[in-house]
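Visitor: Have a look at this one.
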Amino acid sequence: MAKTSTTTQGLRAAIERSGYYPALVAEAVEAAVGGEPIRSYLVHQETTFDQNEVRRHVTVLVLTHNRFIVSHTDEQAADSTSPTPYATTSTESVKLGRISSVVVSRVVANPEQYQPGTLPREVVLTIGWGAVSRIDLEPAACGDPNCEADHGYTGNSTADDLSLRVSEAGDGPETVRQALVFAQSLSEATADVAR
């Protein structure tokens, strides 16, 4: 990554602010981005509870002029494969032309009083590029309530490669704002590629 870019410096600062193994996360992201300029980014650190354990993970999304990059880092407790705790970092680089959907779901309190520009209470960003799909099937039926024929199945196939939820209460208003900025940048970039 070019160290002179304001966006690159902002990404590095956001990774460090997350406090989640910043040197490890930054190195993985920098290696995936290479020398490309960064258009937009989102850093999301999340804590989950798994039985008696607290687990943390961080997801970093980066948009360049040609690619969408996802980096995910998880920490693991010591287990039979490792006597000490460890972290796993993975990155995926997706050409912008492969992105098939960018879904932004906003949760807004008191919608009757909504004012344009007000931040939503939470945002769910779902991005699909065909690596993972979910199929929901159910028995098909006809309009006749007395029909006993087998009509097969009907269903939907949904691209569900990445879904990321940020909330004002859990992540703060700046993270919600950054999620919206990133989603808009990604939507615009995929529209440009489609032209």
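Visitor: Rank by packing, highest mean first: peptides 71-82, 139-150, with packing defined as the count of other Cβ atoms within 10 Å averaged across residues.
Guide: Result, highest mean first: 71-82, 139-150.
Visitor: Which far-off residues, 5 or more places away or on another chain, put their amide H under 5 Å from the one on ARG56, with H placed in the peptide plane?
Guide: When sequence neighbours closer than 5 places are left aside, the close amide H contacts are THR48, GLU75.
Visitor: Okay, next question. What percent does the relative contact order of the stretch 58-195 come to when contacts are Cα pairs within less than 8 Å and at least six residues apart?
Guide: Computed value for the stretch 58-195: 21 percent relative contact order.
Visitor: Right, another one. Please list 36-49, 105-118, 182-195 highest first by mean number of surrounding beta-carbon atoms within 10 Å per residue. Let's see the in-between values first.
Guide: Details: 36-49: 17.6, 105-118: 9.1, 182-195: 15.5.
By packing density, highest mean first, the sequence is 36-49, 182-195, 105-118.
Visitor: Given charges of +1 on the Cβ of Lys and Arg and -1 on the Cβ of Asp and Glu, with all other atoms neutral, how large is the dipole of the chain about its Cα centre, in debye to the nearest 20?
Guide: 960 debye
Visitor: Carbon and sulfur atoms: what percent of the 1.4 Å accessible area of the stretch 1-85 do they account for?
Guide: With neighbouring chains kept in place, the figure for the stretch 1-85 is 51 percent.
Visitor: Excluding ALA141 itself, calculate the net charge of residues whose Cβ lies under 13 Å from the Cβ of ALA141, where each Lys or Arg counts +1 and each Asp or Glu counts -1. Provide the component values of the computation, followed by the final result.
Guide: Details: positive: none; negative: GLU138, ASP144, GLU148, ASP150.
Residues near ALA141 contribute -4 overall.
Visitor: Further question on the same structure: In terms of the Cα gyration tensor, with a ≥ b ≥ c the square roots of its eigenvalues, is the stretch 76-193 rounded because a/c is under 1.5, prolate because a/b exceeds b/c, or oblate?
Guide: Values: a/c = 1.78, a/b = 1.24, b/c = 1.43.
Oblate, because a/c is 1.5 or more while a/b does not exceed b/c.
Visitor: Follow-up question, since we're still on this one. For SER18, SER163, write out the residues from largest to smallest accessible area, computed with a 1.4 angstrom probe and no ligands counted.
Guide: SER163, SER18
Visitor: Relative contact order for the stretch 80-146: what percent, with Cα pairs under 8 Å and sequence separation of 6 or more?
Guide: For the stretch 80-146, the relative contact order is 32 percent.
Visitor: Oh, and also: What are the membrane-span-like helices in the chain by this rule: whole DSSP H runs, Cα extent along the axis at least 30 Å, mean Kyte-Doolittle hydropathy at least 0.5?
Guide: none
Visitor: Enumerate the amide H contacts of LEU162 below 5 Å, restricted to partners 5 or more residues apart or on another chain; note that Pro and chain-start residues carry no placed amide H.
Guide: ILE127
Visitor: Something else now. Let me check against my output: what whole-number percent is the relative contact order of the stretch 1-96, with C-alpha pairs under 8 Å and at least 6 apart?
Guide: Here the relative contact order equals 23 percent.
The values are calculated or read from the model by the stated rules, or taken from the named source; none is laboratory data. Remember, predicted model here, so these are calculated numbers, not experimental data. Heads up, the Cβs are rebuilt from the backbone with ideal geometry, glycines too, and the neighbour counts pull from every protein chain shown. Side chains are part of the model used for accessible areas, which takes the heavy atoms of the whole protein and leaves out ligands, DNA and RNA. Shrake-Rupley method; radii C 1.70, N 1.55, O 1.52, S 1.80 Å.
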